[in-house]
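Peer 1: Pasting in a structure now, in structure tokens, and then I'll have a few things to ask.
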Amino acid sequence: MDVFVILLSAQHREGWIYYALMATAGALLGGYVTYRLARRGGKEGLEKEIGKKRAEKVYRRFEKRGFATVLVSSMLPPPFPMVPVLMAAGVLQYSRKKFLTALGTGRAIRFLALAFLGHVYGTVIIGWLTRYYKPFLYVLIALAVLGALAVVLYFKWYKPKHQAANQNTSQRRKAA
């Protein structure tokens, strides 16, 4: 989404605010769907999705500062996992109004900043991309292949091995 906001704002410079607002609306819609699904799924669903340890960490953050947690996580760049925060808000029955306000504000700040950068530095960005598009494309393809390989290795090797070790540990505890 970030790349599209920047590129659209760079190519159609007069509509940069429009692109930021549309990206915000899309993020709000997607975030709300995740929130509602998690609200129905309960704590078990979140703990199954992200693990009990990470879920407990998110729960503690929400108990102290729920609004700030959603706001700050919605402004952070893509490597930050946003879905656990959205799911935790639903699981913990966080206020819908506060949730949508925090998510909308954070995403609006983020997308307006990106659209503004695309508006101001658009010609430089487009020029750089056209000059180096082949190496950029090759790097993206290599990253996609490495990511796919990592996912396959995780689901075929690491996850089953980790689950078997956890089951053995829990069986030993029950026996003791």
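Peer 1: Given the criteria surrounded by fewer than 19 Cβ atoms within 10 Å (Cβ to Cβ) and of a type outside the set (D, E, K, R), does residue 82 qualify?
Peer 2: Working: surrounded by fewer than 19 Cβ atoms within 10 Å (Cβ to Cβ): no; of a type outside the set (D, E, K, R): yes.
No, not satisfied.
Peer 1: Out of region 26-82, which residues are small (Gly, Ala, Ser) and under 17 Å from residue 103 (Cβ atoms)?
Peer 2: Keep residues of region 26-82 that are small (Gly, Ala, Ser), which gives 26-27, 30-31, 38, 41-42, 45, 51, 55, 66, 68, 73-74.
Correct list: 26, 27, 30, 31, 38, 66, 68, 73, 74.
Rundown of residues vs (1) assigned to a helix (DSSP H, G or I); (2) small (Gly, Ala, Ser); (3) assigned by TED's automatic domain parsing to the domain that holds residue 155, yes/no style:
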{"site": "60", "(1), (2), (3)": "yes, no, no"}
{"site": "67", "(1), (2), (3)": "yes, no, no"}
{"site": "70", "(1), (2), (3)": "yes, no, no"}
{"site": "89", "(1), (2), (3)": "yes, yes, no"}
{"site": "140", "(1), (2), (3)": "yes, no, yes"}
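Peer 1: Select from region 25-51 the residues that are at pLDDT below 80 and either assigned to a helix (DSSP H, G or I) or in contact with a Leu (Cβ under 8 Å, 6 or more places away or on another chain) (or both) and list them in ascending order. Write out each step before concluding.
Peer 2: As a first pass, look at region 25-51 and keep what is at pLDDT below 80: 41-51.
41, 42, 43, 44, 45, 46, 47, 48, 49, 50, listed by residue number.
Peer 1: Another question, then. Give the residue that is nearest to residue 86 (Cα to Cα), with candidates limited to residues of region 100-128 that are exposed (fewer than 15 other Cβ atoms within 10 Å of the Cβ) and of a type in the set (A, V, I, L, M).
Peer 2: Step by step, filter region 100-128, then rank; the result is 113.
Peer 1: Still on this model: Could you tell me which of the residues 28, 21, 8 is in the same structural domain as residue 81 (by TED's automatic domain parsing), within 15 Å of the chain's Cα centre (by Cα) and at negative phi?
Peer 2: Result of the check over 28, 21, 8: 28.
Peer 1: Of 37, 7, which residue is under 20 Å from residue 117 (Cβ atoms) and surrounded by 13 or more Cβ atoms within 10 Å (Cβ to Cβ)?
Peer 2: Values: 37 fails: under 20 Å from residue 117 (Cβ atoms).
Checking each option against the conditions leaves just 7.
Peer 1: Among residues belonging to region 1-24 that are of a type in the set (Val, Ile, Thr) and within 19 Å of residue 77 (Cα to Cα), point out the one that is modelled with the highest pLDDT.
Peer 2: Residues of region 1-24 that are of a type in the set (Val, Ile, Thr), as a first pass: 3, 5-6, 17, 24.
Imposing the further condition that a residue be within 19 Å of residue 77 (Cα to Cα) reduces the set to 3, 5-6, 24.
Values: 3: 84, 5: 91, 6: 88, 24: 96.
Once the filter is applied, the top-ranked residue is 24.
Peer 1: Only one residue in 78, 84 is closer than 18 Å to residue 4 by Cβ, under 19 Å from the mean Cα position of the chain (by Cα), at pLDDT below 90 and assigned by TED's automatic domain parsing to the domain that holds residue 9. Which one?
Peer 2: Details: 84 fails: closer than 18 Å to residue 4 by Cβ.
One residue alone meets the criteria, 78.
Peer 1: Taking residue 84 as the residue in question, decide whether it is part of a loop (DSSP other than H, G, I, E, B) and either touching a Lys or Arg at 6+ places or on another chain (Cβ under 7 Å) or touching a residue at least 60 places away in the same chain (Cβ under 8 Å) (or both). Steps first, please.
Peer 2: On the way: part of a loop (DSSP other than H, G, I, E, B): no; either touching a Lys or Arg at 6+ places or on another chain (Cβ under 7 Å) or touching a residue at least 60 places away in the same chain (Cβ under 8 Å) (or both): yes.
So residue 84 does not fit the description; no.
The values are calculated or read from the model by the stated rules, or taken from the named source; none is laboratory data. Since we're looking at a predicted model, the values are computed, not measured. No Cβ is skipped: glycine too gets one built from the backbone with ideal geometry, and neighbour counts run over all protein chains shown.
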